[in-house]
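The structure appears right after this line, and notes come after that.
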Ligand code: B12
Ligand code: SF4
């Protein structure tokens, strides 16, 4: 069967595309069963791109995959395609955390909730052979005006049984060459914590009794994939990002990985860890294995927000210790923080800036908090009536919350000054003036920004010409 996989991805600028593990894994299992797959990337609804893809590939089934922010692209696309009489389904994060919204998208026949590798193979097989598919686990279907909601099947326990991600589908060589994201891998699935801004607590509930939730691939299986991928695809930006949520969660796995990785590869890598799941021994192991960057969630500089509201349960001392250990071992660190959290005040945001200044990391990532369905903080924001109808289009959007403790514009102000403040930049006074102008008059600010951009582009082209 011919299956078109549509990746509704966020707009990350200038035609930049992304790799996606979920889609690449689903494609790999479908190909293993002898089916043909093709990819359509959409960062906006694009009728021409859809027509081109349908005409050249002529699919028997269309599967959309998206996170919550991109569901509107899927809705528009499905509605455009519906008269062409090709069956359509939706899968991925949004279908998993908000199935009631996804199943009601006009034109689609069903959705796949949760892990898709086993369910999609069963569904495509039934569809191809004209057999009854209505009872397939993980799938919901529309039928005669009602909805059939099947249970979830068990979690895949042996991750090594899944074939390696289908990178060809994404034209991986082109991604590496033109988008410079480096190699990307995942060695595990699941997380045992219950932070209120993350979808994991929801997934833990959904999968209750369906098998072990935190699962690892064997070290050998991960190394085999790294060898295959780095041998086949070449790049001048040679580094690896492990997208696992907590790369150091299992100490014995980490020991074996670091040992074997350092024997076979000299490619620097970066990974995510929790500040309370990393210690001196782990830093030694990571350093020896050529880990050059470590990403850790600080979330908020205020302990009440971090631990009572976000339920991260880590103390300031643990954060400071983890970042100073990274320094001690010469591993660059990145601190992830969010501002504009439910109940957050200006004073608490200032504490986040102060803590970041103290940590003095090489890289910082500050995001304006956005509530996602299925999370506790979404429910709190919704129940308080704080979620506005402001549109979400990309990474840099202002807060969508209108809460009494702080305004969306004030949150923008702190995001604007965040980096210069934390780094002690000499430009801070100027950035503050611009941020204050923005606070009062967004259109004047946009005009000044455009002017500054035009002037700096001109200055750059003059200096290049010289
Ligand atoms: C890795 C990751 C990233 C990486 C992506 C790297 C890459 N090249 O893929 C980076 C760091 C870039 C990233 C960025 C962001 N991320 Co992110 N990310 C994740 C993370 C930790 C893992 C995703 C993953 O790959 N999982 C492994 C694969 C195998 O699982 P999967 O994607 O769920 O796919 C399975 C099923 O969904 C299903 N499936 C998926 N597609 C399809 C298709 C078909 C046809 C079928 C049948 C099944 C199917 O089957 C798959 C295999 O079992 C998740 C957390 C999580 N647990 O999902 C957050 C997560 C997806 N991210 C999230 C967010 C919010 C973002 C950002 C917006 C954050 C920001 N403000 O900057 C950006 C946006 C980028 C984007 N693509 O949307 C949220 C999304 C919430 C929501 N409701 O939509 C999550 C859930 C984290 C959270 N807050 O809880 N992210
Ligand atoms: S934020 Fe990190 S530690 Fe918390 S539940 Fe999500 S993945 Fe786990």
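The values are calculated or read from the model by the stated rules, or taken from the named source; none is laboratory data. Just so it is clear, the structure is predicted and the values come from calculations on it, not from any experiment. For neighbour counting, all protein chains shown are included, and Cβ atoms are generated from backbone atoms with ideal geometry for every residue, glycine included.
Just to be sure before I move on: is residue 193 in a loop (DSSP other than H, G, I, E, B), in contact with a helix residue (DSSP H, G or I) (Cβ under 7 Å, 6 or more places away or on another chain) and in the same structural domain as residue 224 (by TED's automatic domain parsing) in the structure I sent? Spelling it out, residue 193 is indeed in a loop (DSSP other than H, G, I, E, B), in contact with a helix residue (DSSP H, G or I) (Cβ under 7 Å, 6 or more places away or on another chain) and in the same structural domain as residue 224 (by TED's automatic domain parsing). Tell me yes or no: at least one residue of segment 168-182 is more than 16 Å from ligand 2 (Cβ to nearest atom), without any contact (Cβ under 8 Å) to a residue 60 or more places away in the chain and buried (at least 19 other Cβ atoms within 10 Å of the Cβ). Checked segment 168-182: no residue is more than 16 Å from ligand 2 (Cβ to nearest atom), without any contact (Cβ under 8 Å) to a residue 60 or more places away in the chain and buried (at least 19 other Cβ atoms within 10 Å of the Cβ). Looking at (1) closer than 13 Å to residue 247 by Cβ; (2) outside any strand (DSSP E or B), which one does residue 319 not meet, given that it meets all the others? With respect to (1) closer than 13 Å to residue 247 by Cβ; (2) outside any strand (DSSP E or B), residue 319 is out only on (1).
The helices (runs of 4 or more DSSP H) found entirely in segment 86-137 that carry 2 or more residues being surrounded by fewer than 17 Cβ atoms within 10 Å (Cβ to Cβ) are 99-103, 117-129.
With respect to the conditions (1) more than 13 Å from ligand 1 (Cβ to nearest atom); (2) farther than 30 Å from residue 243 by Cα; (3) part of a helix (DSSP H, G or I), residue 141 falls short on a single one, namely (3). Filtering segment 192-231 to residues that are free of Cβ contacts under 8 Å to residues at least 60 places away in the same chain, away from ligand 2 (no atom under 16 Å from the Cβ) and loosely packed, with under 14 Cβ neighbours inside 10 Å leaves 209, 211, 220, 227, 231. Residue check: residue 160 meets all listed conditions (1) more than 11 Å from ligand 1 (Cβ to nearest atom); (2) under 22 Å from residue 247 (Cβ atoms); (3) out of contact with any strand residue (DSSP E or B) (no Cβ under 7 Å at 6 or more places or on another chain); (4) assigned by TED's automatic domain parsing to the domain that holds residue 255 but one, namely (4). Looking at residue 255, is it in a helix (DSSP H, G or I) and more than 16 Å from ligand 2 (Cβ to nearest atom)? For residue 255, the condition - in a helix (DSSP H, G or I) and more than 16 Å from ligand 2 (Cβ to nearest atom) - is met. Can you name every residue in segment 292-319 that is over 20 Å from residue 191 (Cβ atoms) and within 22 Å of the chain's Cα centre (by Cα)? If the condition is that a residue be over 20 Å from residue 191 (Cβ atoms) and within 22 Å of the chain's Cα centre (by Cα), then 292, 293 are the ones that fit.
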